[in-house]
1. When residues of the stretch 1-33 are filtered for being more than 12 Å from the ligand (Cβ to nearest atom), among the aliphatic types (A, V, I, L, M) and out of contact with any Phe, Trp or Tyr (no Cβ under 6 Å at 6 or more places or on another chain), how many remain?
2. Within the stretch 112-137, can you find the residues that are in contact (Cβ under 8 Å) with a residue 40 or more places away in the chain and assigned to a helix (DSSP H, G or I)?
3. Hey, any hits in the stretch 145-153 for a residue that's assigned to a loop (DSSP other than H, G, I, E, B) and crowded, with 16+ Cβ neighbours inside 10 Å?
4. Taking the stretch 55-86 as the search range and keeping residues that are part of a helix (DSSP H, G or I) and closer than 17 Å to Phe103 by Cβ, which one is nearest to the ligand (Cβ to nearest atom)?
5. Among the numbered criteria (1) modelled with pLDDT under 85; (2) under 17 Å from Thr200 (Cα atoms), which single criterion is violated by Val121?
6. Read through the list (1) in contact (Cβ under 8 Å) with a residue 60 or more places away in the chain; (2) in contact with a Leu (Cβ under 9 Å, 6 or more places away or on another chain); (3) more than 12 Å from the ligand (Cβ to nearest atom); (4) not hydrophobic (A, V, I, L, M, F, W, C), then give the number of the only condition that Lys40 fails.
7. Quick check: anything in the stretch 98-110 free of Cβ contacts under 8 Å to residues at least 40 places away in the same chain, near the ligand (Cβ under 9 Å from one of its atoms) and in contact with a helix residue (DSSP H, G or I) (Cβ under 7 Å, 6 or more places away or on another chain)?
Amino acid sequence: MESIYDRYGLELWEKFVAGAGSFNTEQLKLLSDAFKDSTKVLDLGIGLGNLAKILVSQGKIVYGVDIRRDSLDYAQRKVGSEDLGKLVLVERDVRDLNFNNEFDGASIVSNVADFGDLNPVFSGVYRALQNNGYFAMTGVESSQLERMNELRRNETELAIQEGRLFFTPDEVKKLQKEGKNLEKMKEGLSKVIDSSERTTDALIRNGFRVLRKQGFYHDTCYFVLAQK
Ligand SMILES: C[S@@+](CC[C@H](N)C(=O)[O-])C[C@H]1O[C@@H](n2cnc3c(N)ncnc32)[C@H](O)[C@@H]1O
């Protein structure tokens, strides 16, 4: 499936995510708090590396898995070289994990829907975790996607008006072009239904105990904390 990164490029997408500041801040806080007692975390779909950067700065070892080389390189640049050795990059499909009892934490940042069938992913995470290891993730309630996009658009517009966010003319052109393709993108999105219910069902099916499930970003998104 064509990724949002192919359409916008990682830098421009990052600007978007930052523009919708409270969504990203809320999810990063929920996730990083969940790992306060963890020392070695498996971050699935490391993407822009935002969670990995926080966890590494807290002294944890992070294994970042991603299918895209450019994501891994981007995350490495974000974390920086000061913490060399604390970030281990793994170029691999998350549906094909090969770790055994190695981690006391595992995370997925807002991309549960990217992974399609959750069973191969969650069974791999179950094997990768030690007993009592935590698995924390965020996702989007697909039924609330329109409302979430509107909230993010409003936040982005306000940030532009207040001068906290700036797009170059080239970026504006790209955004306008992609805006026209939005209908096509919606068709793609509607094929993958993400929801807290689907995620918790898959967790329980794969042997996890669900400790906490809560909505955030005006209940358009969800956070789930599970334990092996
Ligand atoms: C929304 S981003 C994740 C955000 C990121 N964790 C952060 O903190 O900025 C999605 C990432 O998942 C990766 N991805 C999607 N499907 C994958 C798969 N099957 N295996 C590994 N990585 C995958 C994409 O390449 C992309 O980098």
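The values are calculated or read from the model by the stated rules, or taken from the named source; none is laboratory data. Keep in mind that this is a model prediction, so the values were computed, not measured. Every residue, glycine among them, receives a Cβ derived from its backbone with ideal geometry; neighbour counts consider all protein chains shown.
1. 2
2. If the condition is that a residue be in contact (Cβ under 8 Å) with a residue 40 or more places away in the chain and assigned to a helix (DSSP H, G or I), then Val112, Ala113, Asp114, Phe115, Asn119, Val121, Phe122, Ser123, Val125, Tyr126, Ala128 are the ones that fit.
3. No, the stretch 145-153 contains no residue that is assigned to a loop (DSSP other than H, G, I, E, B) and crowded, with 16+ Cβ neighbours inside 10 Å.
4. Filtering the stretch 55-86 down to residues part of a helix (DSSP H, G or I) leaves 55-57, 69-79.
Next, from what is left, pick out any that are closer than 17 Å to Phe103 by Cβ: 55-56.
Details: Leu55: 10, Val56: 12 Å.
Residue satisfying both the conditions and the ranking: Leu55.
5. So Val121 meets the others, but not (1).
6. Just one mismatch for Lys40, condition (2).
7. Of the residues in the stretch 98-110, the ones free of Cβ contacts under 8 Å to residues at least 40 places away in the same chain are 98, 100-101.
Now narrow it down to the ones that are near the ligand (Cβ under 9 Å from one of its atoms): none.
No: the stretch 98-110 contains no residue that is free of Cβ contacts under 8 Å to residues at least 40 places away in the same chain, near the ligand (Cβ under 9 Å from one of its atoms) and in contact with a helix residue (DSSP H, G or I) (Cβ under 7 Å, 6 or more places away or on another chain).
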